[in-house]
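Asks: Let me give you the structure first, and then I'll get to my questions.
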Amino acid sequence: MTVDLPYALTAELTHRCPLHCPYCSNPIELQKRESELSTETWLSVLEQASELGVAQVHFTGGEPLLRSDLEQLIRRARELGLFVNLITSGVGLTEERVRRLSEAGVDSIQLSLQAASPELADTIAGFDAYEWKRQAARHIRQSGLALNMNVVLHRANLHQLEDIAQLCVDWGAQRLELANAQYYGWALRNVDRLLPFKEQLQEAEAAYYRASERFGNRIELIWIVPDYYEDFPKPCMGGWGKISLTVAPDGRVLPCTAASEIRSLSFENVQQRALAWIWRDSPSFNAYRGEAWMAEPCRSCERRELDYGGCRCQAFLLTGDARAADPVCVRSPHRGLILERVGSVLPSDEVTPKYAYRGR
Amino acid sequence: MSQRALSERPRLSSPGRLKYDKARHTELLLLPERVVELNEAAGAILRLCDGQRTIGQIIEELESKYGQTGLGDDIVEFCAIASDKGWLEV
């Protein structure tokens with residue numbers, strides 16, 4: 001089988017985070033500080049990734065600002081010619097920190113937002129983060145860096161969609177990802193409390209089109225579909241081991257940020273193995289490459305080249321078999337699992353219920 | 001080919017950047033959220049789009065580098081397409 005080269009590295013520097021968002025896609029078992037990779041190992045990961053063909057690095061977490069070596073890693077990534085994106089909650093992003101990050105060479109900063117109103121945003125985050133974010137956005141813009149924003153959409157904040165877009169325009173963002181929640185890790189634990197009901201989603205979609213008309217010339221709005229309400233699954237990661245890789249805080253190398261929850265696979269660690277070997281030759285990266293692994297209904301499906309059978313993590317988490325068709329698919333024998341979940345959400349359900357807060 | 005086009009001084013749109021990728025032996029255009037694999041000609045043109053050189057100078061330089069003439073129309077057209085895609089700003 002020909003193995004493609006990866007374009008992007010997601011570097012999860014830490015699982016530590018001041019926020020406790022109930023939709024976090026980090027695994028339930030969060031890595032502790034003691035098991036995080038050293039600066040030297042991260043520097044080596046960046047060098048190996050660049051050699052392997054990676055052109056873009058996304059520093060994320062948890063909250064990557066909690067690593068005091070972040071600037072050092074950014075500097076090295078830039079020396080290697082990589083495009084450097086930082087994904088942050090904004091907590092700790094003071095004017096001084098933005099200046100240091102900018103000097104180190106960060107190319108773009110993606111700031112998360114939980115809701116348009118401070119009260120709701122802080123309830124969802126389980127932390128008073130809104131004011132940090134407002135100030136962080138100002139510091140980013142004043143430094144001349146491009147500001148990108150993202151918000152995870154779910155039952156409690158979908159109704160604020162237009163206000164969220166307005167707020168991001170006011171804060172000077174040039175791009176806003178409106179990402180409907182995907183159910184992995186903590187989000188899956190909270191799925192019954194996060195999943196929107198159908199009419200609510202339809203209203204939100206209409207609001208998205210209105211916002212596109214109102215603000216389309218000032219901000220790029222990106223709508224990431226709620227896959228539980230789709231007929232066909234998403235082409236997860238653009239294919240397993242095809243275009244990107246993730247290094248988890250403890251050094252395990254994953255084809256997707258959620259993959260550590262696939263218990264039927266074991267993942268190699270950069271502390272033991274070369275990154276190039278892991279990408280090309282490890283059993284985990286080859287497990288779902290290409291099509292040979294597919295079972296029916298995917299094996300003979302004409303959509304298999306479009307969506308690769310959907311998401312392996314979702315297949316495993318919902319059916320126990322990572323080779324199964326993503327249950328989101330109408331052709332999956334497990335589609336009932338999705339329909340049951342979606343069908344059990346009622347408009348009368350509490351909007352901000354008691355979440356299982358991440359890391360608590 | 002218009003005189004206006006020839007005197008323009010295109011540069012890569014910020015924060016876009018080029019990277020020569022040793023693994024693929026090709027120039028990559030790095031954009032936020034996106035990587036574009038360039039063919040040799042596109043890579044060679046974009047390398048010279050530094051906001052200093054005019055398109056006229058870029059044509060001259062590439063014609064002399066490749067020992068060819070008559071590249072002007074293709075280079076002007078490529079720069080127009082690259083501007084439409086948001087890769088270049090004038």
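The values are calculated or read from the model by the stated rules, or taken from the named source; none is laboratory data. Quantities reported herein were computed from a predicted structural model and do not represent experimental measurements. Counting neighbours? That spans all protein chains shown, and the Cβs are built from the backbone with ideal geometry, glycine included.
Asks: Name every residue in the stretch A:47-62 that is over 20 Å from the mean Cα position of the chain (by Cα) and of a type in the set (Ser, Thr, Tyr), in order of residue number.
Replies: A:Ser50, the sole residue that qualifies.
Asks: Could you grab me the full set of residues in the stretch A:278-307 that are surrounded by 14 or more Cβ atoms within 10 Å (Cβ to Cβ) and either in contact with a Phe, Trp or Tyr (Cβ under 7 Å, 6 or more places away or on another chain) or in a helix (DSSP H, G or I) (or both)?
Replies: A:Ile278, A:Trp279, A:Arg280, A:Ser284, A:Phe285, A:Asn286, A:Ala287, A:Tyr288, A:Arg289, A:Arg303, A:Arg304, A:Asp307
Asks: Mind listing whichever residues of the stretch A:47-65 are assigned to a loop (DSSP other than H, G, I, E, B) and away from chain B (no Cβ under 14 Å)? Steps first, please.
Replies: Filtering the stretch A:47-65 for residues assigned to a loop (DSSP other than H, G, I, E, B) gives A:53-55, A:61-63.
Correct list: A:Gly61, A:Gly62, A:Glu63.
Asks: Which one is farthest from the other protein chains (Cβ to nearest Cβ) among residues in the stretch B:1-47 that are within 14 Å of the chain's Cα centre (by Cα) and closer than 21 Å to A:Gln174 by Cα?
Replies: B:Arg11
Asks: For the list (1) surrounded by fewer than 19 Cβ atoms within 10 Å (Cβ to Cβ); (2) out of contact with any helix residue (DSSP H, G or I) (no Cβ under 9 Å at 6 or more places or on another chain), I need the number of the one condition that A:Gln56 fails.
Replies: (1)
Asks: Please state which one of A:Ser25, A:Ser44, A:Ser68 is in a loop (DSSP other than H, G, I, E, B), more than 20 Å from the chain's Cα centre (by Cα) and more than 13 Å from chain B (Cβ to nearest Cβ). Working first, answer last.
Replies: On the way: A:Ser25 fails: more than 20 Å from the chain's Cα centre (by Cα); A:Ser44 fails: in a loop (DSSP other than H, G, I, E, B).
Only one candidate passes the filter, namely A:Ser68.
Asks: Does the stretch A:34-41 contain at least one residue that is under 14 Å from the mean Cα position of the chain (by Cα), over 13 Å from A:Leu245 (Cα atoms) and part of a loop (DSSP other than H, G, I, E, B)? Working first, answer last.
Replies: Of all residues in the stretch A:34-41, those under 14 Å from the mean Cα position of the chain (by Cα) come to none.
Among the residues of the stretch A:34-41, not one is under 14 Å from the mean Cα position of the chain (by Cα), over 13 Å from A:Leu245 (Cα atoms) and part of a loop (DSSP other than H, G, I, E, B), which makes the answer no.
Asks: Which members of the stretch A:120-167 meet the condition of being more than 20 Å from A:Arg99 (Cβ to Cβ), without any contact (Cβ under 8 Å) to a residue 60 or more places away in the chain and hydrophobic (A, V, I, L, M, F, W, C)?
Replies: Answer for the stretch A:120-167, where residues must be more than 20 Å from A:Arg99 (Cβ to Cβ), without any contact (Cβ under 8 Å) to a residue 60 or more places away in the chain and hydrophobic (A, V, I, L, M, F, W, C): A:Ala121, A:Met149, A:Val151, A:Leu158, A:Leu161, A:Ile164, A:Ala165, A:Leu167.
Asks: Can you find, within the stretch B:14-36, the residue that is surrounded by the most Cβ atoms within 10 Å (Cβ to Cβ) among those that are of a type outside the set (A, V, I, L, M) and more than 28 Å from A:Met149 (Cβ to Cβ)?
Replies: Applying the first criterion (of a type outside the set (A, V, I, L, M)) to the stretch B:14-36 yields B:14-17, B:19-22, B:24-27, B:32-34.
Next, only the ones that are more than 28 Å from A:Met149 (Cβ to Cβ) stay: B:20-22, B:24-27.
Details: B:Tyr20: 12, B:Asp21: 22, B:Lys22: 12, B:Arg24: 14, B:His25: 8, B:Thr26: 16, B:Glu27: 20.
Out of the qualifying residues, it is B:Asp21.
Asks: Do we find that B:Ile55 is in contact with an Asp or Glu (Cβ under 6 Å, 6 or more places away or on another chain), more than 25 Å from A:Arg175 (Cβ to Cβ) and of a type in the set (A, V, I, L, M, F, W, C) in this structure?
Replies: Working: in contact with an Asp or Glu (Cβ under 6 Å, 6 or more places away or on another chain): yes; more than 25 Å from A:Arg175 (Cβ to Cβ): yes; of a type in the set (A, V, I, L, M, F, W, C): yes.
Judged against the criteria, B:Ile55 is a match.
Asks: Do you know which of the residues in the stretch A:71-95 that are among the aliphatic types (A, V, I, L, M), outside any helix (DSSP H, G or I) and away from chain B (no Cβ under 14 Å) is surrounded by the most Cβ atoms within 10 Å (Cβ to Cβ)?
Replies: Initial filter on the stretch A:71-95 (among the aliphatic types (A, V, I, L, M)): A:73-74, A:77, A:80, A:82, A:84, A:86-87, A:91, A:93.
Next, only the ones that are outside any helix (DSSP H, G or I) stay: A:80, A:82, A:84, A:86-87, A:91, A:93.
Next cut, away from chain B (no Cβ under 14 Å) only: A:91, A:93.
On the way: A:Val91: 20, A:Leu93: 23.
Looking at residues that are among the aliphatic types (A, V, I, L, M), outside any helix (DSSP H, G or I) and away from chain B (no Cβ under 14 Å), I get A:Leu93.
Asks: For a quick check of your reading: which strands (runs of 3 or more DSSP E) sit entirely within the stretch A:143-227 and have at least 2 residues that are of a type in the set (Val, Ile, Thr) and out of contact with any Leu (no Cβ under 6 Å at 6 or more places or on another chain)?
Replies: Details: elements: A:146-153, A:175-180, A:220-224.
Passing ranges, in order: A:220-224.
Asks: Collect the residues in the stretch A:233-273 that are polar (S, T, N, Q) and either touching a residue at least 40 places away in the same chain (Cβ under 8 Å) or crowded, with 20+ Cβ neighbours inside 10 Å (or both), keeping them in residue-number order.
Replies: Of the residues in the stretch A:233-273, the ones polar (S, T, N, Q) are A:244, A:246, A:257, A:260, A:264, A:266, A:269, A:271-272.
Across the stretch A:233-273, the qualifying residues are A:Ser244, A:Thr246, A:Thr257, A:Ser260, A:Ser264, A:Gln271.
Asks: Have a look at A:Arg312, A:Arg323, A:Arg341 and point out the one that is closer than 26 Å to A:Val253 by Cβ, in contact (Cβ under 8 Å) with a residue 60 or more places away in the chain, of a type in the set (D, E, K, R) and in contact with a helix residue (DSSP H, G or I) (Cβ under 9 Å, 6 or more places away or on another chain).
Replies: Numbers: A:Arg323 fails: in contact (Cβ under 8 Å) with a residue 60 or more places away in the chain; A:Arg341 fails: closer than 26 Å to A:Val253 by Cβ.
The match here is A:Arg312.
Asks: Something else about it: Out of (1) over 24 Å from A:Arg210 (Cα atoms); (2) surrounded by fewer than 20 Cβ atoms within 10 Å (Cβ to Cβ); (3) away from chain B (no Cβ under 14 Å), the odd one out for A:Val98 is which?
Replies: Of everything listed in (1) over 24 Å from A:Arg210 (Cα atoms); (2) surrounded by fewer than 20 Cβ atoms within 10 Å (Cβ to Cβ); (3) away from chain B (no Cβ under 14 Å), A:Val98 misses just condition (2).
Asks: Collect the residues in the stretch A:325-360 that are basic (Lys, Arg), modelled with pLDDT under 95 and farther than 19 Å from A:Ala115 by Cβ, keeping them in residue-number order. Working first, answer last.
Replies: So in the stretch A:325-360, the residues basic (Lys, Arg) come out as A:331, A:335, A:341, A:354, A:358, A:360.
Next cut, modelled with pLDDT under 95 only: A:341, A:354, A:358, A:360.
A:Arg341, A:Arg360, listed by residue number.
Asks: Something else about it: Collect the residues in the stretch A:105-140 that are within 14 Å of chain B (Cβ to nearest Cβ) and either of a type in the set (Lys, Arg) or in a helix (DSSP H, G or I) (or both), keeping them in residue-number order. Before you say what the answer is, go through the steps one by one.
Replies: Filtering the stretch A:105-140 down to residues within 14 Å of chain B (Cβ to nearest Cβ) leaves A:105-111, A:140.
Matches in the stretch A:105-140: A:Ile140 only.
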